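S.K.: My questions all concern the structure below.
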Amino acid sequence: MRELAGNLLEQSKSWAKSGVLLLLTVIIVWQLTAWLDKPTTMPIKHVRIGGELNYVAHEDISTSLSSLVQTGYFSMNTADIINKLTDIEWIKKAHIRRVWPDTILLIVEEQRPVAVWNETALLNVNGEIFKPEFDNSSLQLPRLSGVDDHSKVVLAEQKKIDQSINILDLSVEKLTLAEHGSWSAVLGNGVKIKAGYELPEKKISKSLLLLASIEGGLIEHLDEVDVRYPNGVAVTWKAGYKFDEAMVKKATLAMNKSQPTKS
């Protein structure tokens with residue numbers, strides 16, 4: 001009986017020692033964590049910005065983050081910093097790296113604009129709309145228009161048209177998909193095109209290539225081309241240009257090989 005009591009006493013002492021040791025460990029960890037979470041512990045002294053910046057100034061980034069980086073190396077809230085960075089419309093993505101012992105590195109990826117959208121916003125390479133402050137007149141980009149939900153469709157069609165008429169040294173300056181579904185375009189040389197309700201790339205490229213094949217300089221005299229007809233195109237010439245009889249015969253032969261044409 002005494003032996004059993006002695007064993008229980010020894011076990012109790014062992015458990016007590018283990019409990020005290022565990023409690024001390026918890027206290028130490030808690031104190032260490034609290035110390036590391038203090039903004040004054042190992043304060044951030046340097047902020048470096050990486051990535052190619054064409055539209056956002058380093059100073060603008062530094063200013064927007066000034067209050068968030070006045071903290072400690074371990075207490076820094078990376079989620080808040082990334083959210084603050086991506087609130088800048090020109091910034092698409094941002095990453096943060098800690099560099100021991102007092103530096104953070106911000107890796108910034110800017111939006112890359114490929115078109116002006118509805119004259120008030122921009123489209124990136126994926127056809128996504130973003131709305132930064134920008135000088136509309138200084139951006140040499142195609143002007144696309146339509147309902148916001150169709151931005152990707154319009155951009156994709158503009159790229160296809162550009163690719164198909166590149167051989168003529170032409171490109172799209174404006175492309176519009178009206179709310180009711182009708183397409184229209186203006187080329188870089190000022191030619192206006194009515195394309196109707198179907199995707200316009202095939203009709204536009206086929207009509208322009210055919211007109212160019214009749215006579216090399218003919219494209220320069222175009223004012224408006226209507227490709228909405230199922231079996232031809234209607235052409236309006238610039239003021240002062242006359243499509244003469246000899247050219248009509250050439251055009252008739254060329255069109256008969258391809259498709260009937262109104263003009």
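The values are calculated or read from the model by the stated rules, or taken from the named source; none is laboratory data. Computed from a predicted structure; not experimentally measured. We place every Cβ from the backbone using ideal geometry, glycine too, and count neighbours over all the protein chains shown.
S.K.: Where the second residue is of a type in the set (A, V, I, L, M, F, W, C) and part of a helix (DSSP H, G or I) and the first is under 9 Å from Pro43 (Cα atoms) and lies in the range 65-80, which pairs have Cβ atoms under 6 Å and are six or more apart or on separate chains?
M.R.: Phe74/Leu36
S.K.: What about Tyr241, is it more than 24 Å from Asn166 (Cα to Cα) and at pLDDT 75 or above?
M.R.: Yes; evaluated as a whole, the condition is true for this residue.
S.K.: While we're here: Check whether at least one residue in the range 123-136 is part of a helix (DSSP H, G or I) and surrounded by fewer than 16 Cβ atoms within 10 Å (Cβ to Cβ), and report yes or no.
M.R.: Yes, the range 123-136 contains at least one residue that is part of a helix (DSSP H, G or I) and surrounded by fewer than 16 Cβ atoms within 10 Å (Cβ to Cβ).
S.K.: So which residues in the range 190-233 are out of contact with any helix residue (DSSP H, G or I) (no Cβ under 7 Å at 6 or more places or on another chain) and part of a loop (DSSP other than H, G, I, E, B), if there are any at all?
M.R.: Of everything in the range 190-233, those that are out of contact with any helix residue (DSSP H, G or I) (no Cβ under 7 Å at 6 or more places or on another chain) and part of a loop (DSSP other than H, G, I, E, B) turn out to be Gly190, Val191, Tyr197, Glu198, Gly216, Gly217, Arg228, Tyr229, Pro230, Asn231, Gly232.
S.K.: Right, here's the next one. Going by what's in this entry, would Lys203 be described as at pLDDT below 95, more than 19 Å from Phe243 (Cα to Cα), more than 27 Å from the chain's Cα centre (by Cα) and crowded, with 16+ Cβ neighbours inside 10 Å?
M.R.: yes
S.K.: Can you pull out every residue in the range 89-99 that is closer than 27 Å to Val125 by Cβ and either free of Cβ contacts under 8 Å to residues at least 40 places away in the same chain or part of a strand (DSSP E or B) (or both)?
M.R.: Across the range 89-99, the qualifying residues are Ile91, Lys92, Lys93, Ala94, His95, Ile96, Arg97.
S.K.: Mind checking whether some residue in the range 11-32 is within 30 Å of Glu133 (Cβ to Cβ) and either touching a strand residue (DSSP E or B) at 6+ places or on another chain (Cβ under 9 Å) or modelled with pLDDT of 60 or more (or both)?
M.R.: no
S.K.: Could you give me the residue pairs with C-beta distances under 6 Å whose first residue belongs to the range 40-62 and is loosely packed, with under 14 Cβ neighbours inside 10 Å, whose second residue is not in a strand (DSSP E or B) wherever it lies, and which are 6+ apart or on separate chains?
M.R.: If the second residue must be not in a strand (DSSP E or B), the pairs left are Lys45/Asp102.
S.K.: Conditions: (1) surrounded by fewer than 16 Cβ atoms within 10 Å (Cβ to Cβ); (2) more than 30 Å from His58 (Cα to Cα); (3) modelled with pLDDT of 95 or more. Ile167 meets all but one. Number of the miss?
M.R.: (3)
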